[in-house]
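K.L.:
Here's a structure for you.
Please treat every number below as a calculation from the coordinates, not as lab data. If you're wondering where the values come from, they're calculated on a predicted model, not measured in any experiment. For neighbour counting, all protein chains shown are included, and Cβ atoms are generated from backbone atoms with ideal geometry for every residue, glycine included.
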Amino acid sequence: MATHPEFREIAGLPAQEMVIRHLLAGEDVLGVLPTGAGKSLTFQLPALLRQGVTLVFSPLIALMKDQVAALNERGIEIVGAIYSGQSASERDDVLERMRRKRARLVYISPERLRDPQLLTTLAETRVIQVVVDEAHCVYMWGSSFRPDFLYLPRLFDLLGYRPPLAALTATATPAMQTAIIEALTLRQPAR
């Protein structure tokens, strides 16, 4: 992978490349990368390289819409989003594409974890990785602002297996990192 001069390097590698390598190796990751450093690439690229679905949980609907639109503009149509306020037909289209293996990168707002139709589809789908974008929200507001973030570990019970989990943020002190790891039950995550 080419090194972009604005990307922060860790141990001689761009930070994004380190996250990508750990995800492709099936490891949990806690990635703290500065704003604008390409966090999205770290989960988008592995999602496009492998068969199966990558679930990206994000509290920011506008960001989800922007990322889906940007990928669609590049001709990448195996992406979708499920969030509050979208029409039932839009949601059903994404769910159907997941079932037919035509959606490999799906952005989901955390409260959708209570949607029975989504849960049924997830039980029928091969999830290869789970990403929590803006993971500092789990620490800062998980129990009040978006309590559904704290239900993410229960997703694995529904699936019957545990895919790699990545928690990504631009903001996390060492104490916040520890709290994120505990709340999301990350397993010996690469940092």
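K.L.:
In whole Hz, what ³J(HN,Hα) sequence does the stretch 158-171 give by Karplus (6.51, -1.76, 1.60; θ = phi - 60°), x for Gly and Pro?
P.N.:
Ordered by residue, 3J(HN,Hα) equals 5, 5, x, 7, 10, x, x, 10, 10, 10, 10, 7, 9, 10 Hz.
K.L.:
Amide H neighbours of ALA81 under 5 Å, at least 5 residues apart or on other chains, H built in the peptide plane: list them.
P.N.:
Those qualifying (amide H under 5 Å, at least 5 residues apart or on another chain) are TYR107.
K.L.:
Please identify, among ALA167, ALA37, ALA25, the residue showing maximal mean-square fluctuation in a Gaussian network model of the chain using a 10 angstrom Cα cutoff.
P.N.:
Sorting by GNM fluctuation, first place goes to ALA25.
K.L.:
Moving on to the next point. Counting helices only, and only those DSSP H runs with n ≥ 4, report the 222 nm mean residue ellipticity of the chain as the sum of -39,500 (n - 2.57) divided by its residues, in deg cm²/dmol to the nearest 500. Working shown, then result.
P.N.:
Values: 8 runs with 77 residues, N = 191.
About -11500 deg cm²/dmol.
K.L.:
Given R₀ = 22 Å, FRET efficiency for ARG102-LYS65 by Cβ-Cβ distance, to 0.05? Could you put the intermediate results ahead of the total?
P.N.:
Numbers: r = 19 Å, r/R0 = 0.88.
For R0 = 22 Å, the calculated efficiency reads 0.70.
K.L.:
When Lys and Arg each count +1 and Asp and Glu each count -1, what net charge do the other residues less than 15 Å away from ALA69, Cβ to Cβ, add up to? Before the final figure, lay out each step's value.
P.N.:
Working: positive: LYS65, ARG74; negative: ASP66, GLU73, GLU77, GLU90.
Within the 15 Å Cβ shell, the charges total -2.
K.L.:
I'd like the antiparallel share, as a percent to the nearest 5, of DSSP beta bridges with both residues in the chain.
P.N.:
Numbers: 2 of 24 bridges.
Antiparallel: roughly 10 percent of the beta bridges in the chain.
K.L.:
With an 8 Å cut-off on Cα pairs and a minimum separation of 6 or more residues, tell me the relative contact order of the chain in percent. Numbers along the way, then the final one.
P.N.:
On the way: 296 pairs, mean separation 56.3, N = 191.
Computed value for the chain: 29 percent relative contact order.
K.L.:
For THR173 and LEU119, FRET efficiency with R0 = 25 Å and r from the beta-carbon atoms, rounded to 0.05?
P.N.:
Working: r = 34 Å, r/R0 = 1.36.
Efficiency at R0 = 25 Å is approximately 0.15.
K.L.:
Could you tell me the ratio Rg/Rh of the chain? Both radii from Cα atoms, Rh via Kirkwood. List each step's numbers first, then the result.
P.N.:
Details: Rg = 15.6 Å, Rh = 16.7 Å.
That ratio equals 0.94.
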